[in-house]
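All remarks here apply to the structure that follows.
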Amino acid sequence: MKRLGPWLAAPLLVGLAHADYRLETVVEGLEHPWSLAFLPDGGMLVTERPGRLRLVDTDGELREAPVAGVPEVFAEAQAGLFEVMLAPDFADSGLLYLSYAYGDLSANNTCLGRARFNGEGLSAGEVLFCASPAKRGASHYGGRMALLPDETLVLTLGDGFDYREQAQNAGNHLGSLVRLTLDGRVPDDNPFLGDGSARPELYSIGHRNVQGIVYDDERDELLINEHGPRGGDELNRIQPGANYGWPLTSHGVDYTGARITPFRELPAFTPPLLHWTPSIAPSGMALYRGDAFPDWQGDLFVSALAGQQVRRLIREEGRVVEQQALFEELGARIRDVRVGPDGYLYLLTDHAEGALVRVVPEE
Amino acid sequence: MMARWKTPLLGFVLALLVTTLSGSLIQTQFNLAAIAALGAEISLTTRLGTSAQDLLGFAPLYAAMVAVALAVALPLATLGWRWLPLPPGLLYPLAAALGLWLAFTIADALAPMPTLIAATRSLSGTLAMLGGAALGGLVYACCRAGRTS
């Protein structure tokens, strides 16, 4: 049993029985793996932040040569290759999406690309979207993606760190979520479309660095997690067109200890469902739907870097009522958590010699 | 008679205090100005409260940075006076400001984020913070002048 401290704003406690699980290392030697996607044939694609896409075949073996045809990325500090996501019709089309940083240290941001995967390499690559403006530094890119049921996708972005006030400016993409059609166009019902001064791709604004995103089809909810500064990591329920307040509101302070804002919440902004103070540095996020762990049905799983754990969030009517820290025994920064088609959880550890770890029931 | 090292040490401590406290207050005002520019109303109570919170939350870390900067800059200025015989009231403020600017530059190069102290993202914020260091350098010069007069 794991008991967490009393510092989190949301109800935590946690006196849950530990689920009986076993951790299995599937693949080692991945350099800062960032994201994975499950292929229909049972294989997996894994991104490595320096700019490589790796194939784990159906036998669980890591193909030595990276997948060819990945776009050139700007790899520095937090920048690099981020997420890989299969198109809904991947089995027929072979199309997949990649998010990545473009540019150089003085001018860069997040891009979304699409390409065709034939089992060996990528072809017919095209850039669908690039966030603007290009900014200086190598921090805060977002880079996560989720598919919505209306055949659109949402891409998360970051505020570029030094540009935090721009998260309130709908005239650019910094610190926002954008929604696009599957071929990169602006959907005609995007919430900022009628505002001539706003970027039409915007879906929500006022974010710092969105690192996890999940669409809950049963509740018809889009959920994201985002890094706060020192404290103030957030879980947010996304409403189209809403403003989540950064940097006008935050439960955290700057890394130097300075107040970024005197306001934790303000009426004009949508408050988080939950905040983590002190920070756990949330990274990926998954919604559990599967047969392997019946007790976890419908729970959210949030991987954490600084926290070196996966936080299980138990919800009632969409409200987080309890939390449980899992997989701390790995002693690793965890970059991503996914639910495989087999119902097992899959974790990526964020190290120069990172690993893909599978969580299976004990028996 | 006060020992030879006591006056410079007292001057250093006072310079550290002045630079740190002024810098903390200055950066708070810059951060609040950025928030106010986004449309938030900052009352006097909020301003005073946030300034006080930063004196507790920000100033200790900033003091460490300032201490290192001044510990290098002020003795170097004393040594360098032989080749650059500026009046102490100009020499030490200049040295303190340059030392702090170097500390900002090194911190930004080493820290994972582009700019460690948000107020120094702009030229005006950086100059204001360096102004605080110059004030500290002036206090140091006054202390030394008091000893030698």
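Some points to look at:
- If you check B:P88, B:P8, B:P60, B:P75 for being more than 30 Å from A:T249 (Cβ to Cβ) and out of contact with any helix residue (DSSP H, G or I) (no Cβ under 7 Å at 6 or more places or on another chain), only one passes: B:P75.
- Single residue of segment B:48-62 satisfying the filter (hydrophobic (A, V, I, L, M, F, W, C) and open to solvent by less than 30 Å² (accessible area, probe 1.4 Å)) that is farthest from the chain's Cα centre (by Cα): B:F58
- Some residue of segment A:104-121 being basic (K, R), open to solvent by 10 Å² or more (accessible area, probe 1.4 Å) and either in a loop (DSSP other than H, G, I, E, B) or within 14 Å of chain B (Cβ to nearest Cβ) (or both): no
- Test for A:A306: is it surrounded by fewer than 23 Cβ atoms within 10 Å (Cβ to Cβ), touching a Pro at 6+ places or on another chain (Cβ under 9 Å), among the small types (G, A, S) and part of a loop (DSSP other than H, G, I, E, B): yes
- Just one of the numbered conditions (1) crowded, with 17+ Cβ neighbours inside 10 Å; (2) assigned to a helix (DSSP H, G or I) is not true of B:T45: (1).
- Among the residues making up segment A:185-219, those that are more than 17 Å from the chain's Cα centre (by Cα), closer than 19 Å to A:P133 by Cβ and open to solvent by 20 Å² or more (accessible area, probe 1.4 Å) are A:V186, A:F192, A:D195, A:G196, A:S197, A:R199, A:P200, A:E201.
- Residue in segment B:26-35 that is modelled with pLDDT of 95 or more and closer than 27 Å to B:A145 by Cβ present: yes
- Qualifying residue in segment A:347-356 (condition: open to solvent by 20 Å² or more (accessible area, probe 1.4 Å), small (G, A, S) and closer than 20 Å to A:E31 by Cα): yes
- Only one entry of B:L84, B:L135, B:L130, B:L74 meets the criterion of being open to solvent by 60 Å² or more (accessible area, probe 1.4 Å), at pLDDT 95 or above and more than 19 Å from A:G257 (Cα to Cα), and that entry is B:L135.
- Extreme residue, farthest from A:H351 (Cα to Cα), among residues of segment A:253-279 that are away from chain B (no Cβ under 14 Å) and open to solvent by less than 10 Å² (accessible area, probe 1.4 Å): A:L274
- Whenever a residue of segment A:251-273 is within 16 Å of B:G39 (Cβ to Cβ) and of a type outside the set (A, V, I, L, M, F, W, C), its partners that are open to solvent by less than 30 Å² (accessible area, probe 1.4 Å) and not in a loop (DSSP other than H, G, I, E, B), lying with C-beta atoms within less than 6 angstrom and at least six residues away or across chains, give the pairs A:T261/B:I35; A:P262/B:T50.
- Scanning segment B:79-126 for residues that are in a helix (DSSP H, G or I) and of a type in the set (F, W, Y) yields B:Y92, B:W101, B:F104.
- Criterion (more than 14 Å from the chain's Cα centre (by Cα) and in a strand (DSSP E or B)) met by exactly one of A:R312, A:R338: A:R312
- Scope segment B:30-42; condition at the interface with chain A (Cβ under 9 Å from one of its Cβ atoms) and part of a helix (DSSP H, G or I); matching residues: B:N31, B:L32, B:A34, B:I35, B:A37
- Every condition in (1) within 14 Å of another protein chain (Cβ to nearest Cβ); (2) on the phi < 0 side of the Ramachandran plot holds for A:W296 except the one numbered (1).
- For B:R121, the test of being open to solvent by 60 Å² or more (accessible area, probe 1.4 Å) and within 14 Å of chain A (Cβ to nearest Cβ) is passed.
- Residue ID - nearest to the other protein chains (Cβ to nearest Cβ), chosen from residues in segment A:130-151 that are surrounded by fewer than 21 Cβ atoms within 10 Å (Cβ to Cβ) and not in a loop (DSSP other than H, G, I, E, B): A:C130
The values are calculated or read from the model by the stated rules, or taken from the named source; none is laboratory data. Small disclaimer: the values here were computed from a predicted structure and weren't measured. Cβ: placed from backbone, ideal geometry, glycine included. Neighbour counts: every protein chain shown. Just so you know, the surface numbers come from the protein's heavy atoms only, side chains and all, with ligands and any DNA or RNA stripped out. Shrake-Rupley method; radii C 1.70, N 1.55, O 1.52, S 1.80 Å.
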